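Below is one structure, written out as structure tokens; the observations come after it.
Every read-out reported here was derived from the displayed coordinates using simple, explicitly stated rules and does not represent laboratory data. Quick caveat: nothing in here was measured; it's all calculated off a predicted structure. Counting neighbours? That spans all protein chains shown, and the Cβs are built from the backbone with ideal geometry, glycine included.
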Amino acid sequence: MSELICLLICSVILLVIALLHVAYLTYAERKIIARMQQRLGPNRVGPRGLLQPFADMLKLLTKEPIIPYGVDKNIFVLAPLISLVCAGSGLAFIPLWSNFVLSNANVGLLFILALSSLSAYGIILAGWSSNSRYALLGGLRSAAQVISYEIAMGLSLLSVVVMAGSFNLGDIVRAQANLPWKAFLFPQIIGFVVFLISAVAECNRVPFDLPEAESELVAGYFVEYSGMRFALFYLAEYFAMLVMSGLAVTCFLGGWLGPFSIPGLPFFWFLLKLYAFLFFYIWLRATLPRYRYDQLMDLGWKLLIPLAILNLFLTAIIKLLV
Amino acid sequence: MEKLVFYYLAFAMIASGIGAVVSRNPVHTVLFVLGLVLHQALLLFTLGSEFLAAVQVIVYAGAVLVLFLFVVYLINLKKETLKRRFIKNFSPCFLIFLLFTLIVVKTLLFLPALTSHFKARLPFPKGGSPLYFMAKNLFQTYLFQFELIGVVLLVVVLGAVFLLRRLDNPSEEGK
């Protein structure tokens, strides 16, 4: 019983930390993009705008949640929750440190993939239940995109699994300890690039943000949402970014391993790499224009998936020979 | 505790199955099946097979059912949903349903005798990873059968493509 309580407390701590990260990720995003576009960004609430995320939260909480006429009410309410839960639960499997992982599942990697494949439901159901053309189109696009890129992502992660010989994320990190640079980055450079691109597509971020393309679909699948439900979709997107970055750090960059260990700060290297990835996401958003739909599908099916299969094949052969 | 979880899962699976058959809206039907699949995955999890549970979610919930949803979106089912009943009162289906129910009830009545020497348990050896065990069986002991199933699936895919080609308007061929 005490084990269960300990697990619950750990979950709550992790959740609170993740939420704080998400809150300040939005702030960082606005600040960094403003910097890249030679603007100031949020600077009114608190010193240097540091309290901006809390002001946003208050605003969203006090807004009226509108349920439009003609929607399928149950599904309309359920969809943002599905999105958030599927995006957030992945955090439980990512090892922040050799002694700190919430769920040390044998097939943790597969569970994360399963959750990310379930998160398509939140989007597709939100699009359908809104009873709106824009939302439906956004939902359909997004589902097609998420399914296509999931294949490339899964295949690129499989070659990591072949190298490490385990589905357990902790074991994958430990398998990287003896390599030069303590990372699968160089032996798996093709897999890494494929994973990076498909992870951006999985999170529906720029340049693959077709589901919510403002200029053509208004806001895509969540156009009819307002107030806190609207915010839940945003939360889900940022949680997904955290999970995908964590996965990239764990599988390709050696997780908590670093050139030297820092006493008292075991999470230091993991967090440093994580922040680098999150910055990369934001950087992409400030730099790249949106892909066209057929370009997106071409890239996924004709380039990334064959590349990932080739990589898997090569990895397996090398593993057999060595 | 274990029994409680099992009864919850069994009840939820049966309830969502009934919901899937009864509900009139095709999207709701797909959602009920999704619930069924997820509970099934949990059941596998409680039986000690994490791998099968994860694969169940990835394949069925993540791929197959999303495709079902796509199909439901793309074909217009408005007319069907307006119908009050899909089958008439006394159709052959109803007879078959009755027969099937009889069989199920009969089996259930014999179940207590069965459970004494038959326990639902996946054949994993104690100790050792179930994943390793399964991979060894799939790719060594039963490799031929496994590949054979792959060929069968390939035939199904080719058949589907062939049928689609045939249904196309002949005037559009060669474009």
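Based on DSSP H segments of at least four residues, each scored -39500 (n - 2.57), the protein assembly as shown has a per-residue ellipticity at 222 nm of -22000 deg cm²/dmol. Overall form of chain A: prolate. Here a/c, set by the Cα gyration tensor axes a ≥ b ≥ c, is 1.5 or more, and a/b is the larger of a/b and b/c. Exposed loop sites, defined as chymotrypsin sites (Phe, Trp or Tyr not before Pro) outside DSSP H, G, I, E and B with at most 12 other Cβ atoms within 10 Å, are absent from the longest region of chain A, namely A:70-259.
Measuring nothing but how far apart in sequence close Cα pairs (under 8 Å, 6+ apart) lie, relative to its length, chain A scores a relative contact order of 23 percent. By the count of neighbouring beta-carbon atoms within 10 Å, fewest first, A:CYS6, A:CYS86 end up ordered A:CYS6, A:CYS86. Taking trypsin sites (Lys or Arg not before Pro) in DSSP loop conformation with at most 15 other Cβ atoms inside 10 Å as exposed sites, chain A has its longest uninterrupted site-free stretch at A:64-291. Positive end of the dipole of the range A:1-62 (Cβ unit charges, origin at the Cα centre): among A:VAL16, A:MET1, A:LEU40, the Cα lying farthest that way belongs to A:LEU40. Of A:GLY220, A:GLY127, A:GLY258, the residue with the greatest mean-square motion in the GNM of chain A, using alpha carbon springs below 10 Å, is A:GLY258.
Take the cross-link list B:LYS106/B:LYS136; A:LYS319/B:LYS136; A:LYS182/A:LYS302 and give me the ones stretching past 27 Å between alpha-carbons. Going by Cα-Cα distance, B:LYS106/B:LYS136; A:LYS182/A:LYS302 fall outside the 27 Å limit. Seen through its C-alpha gyration tensor, with square-root eigenvalues sorted a ≥ b ≥ c, the range A:268-322 comes out oblate because a/c lies at 1.5 or above while a/b is not bigger than b/c. Seen against the Cα atoms of chain A and their longest principal axis, helix A:268-287 is set at about 50 degrees. Classification of the range A:1-62 by its C-alpha gyration tensor yields a prolate form. The axis ratio a/c (a ≥ b ≥ c) is 1.5 or more, and a/b outweighs b/c. Here the dipole of the protein assembly as shown is about 520 debye; that uses its Cα centre as origin and unit charges on the Cβ of Lys and Arg (positive) and Asp and Glu (negative). Of the residues A:ILE151, A:ILE318, the one with the fewest other Cβ atoms within 10 Å heads the list, and the complete ranking is A:ILE318, A:ILE151.
Rounded to the nearest 10 degrees, the inclination of helix A:73-89 to the longest alpha-carbon principal axis of chain A is 30 degrees.
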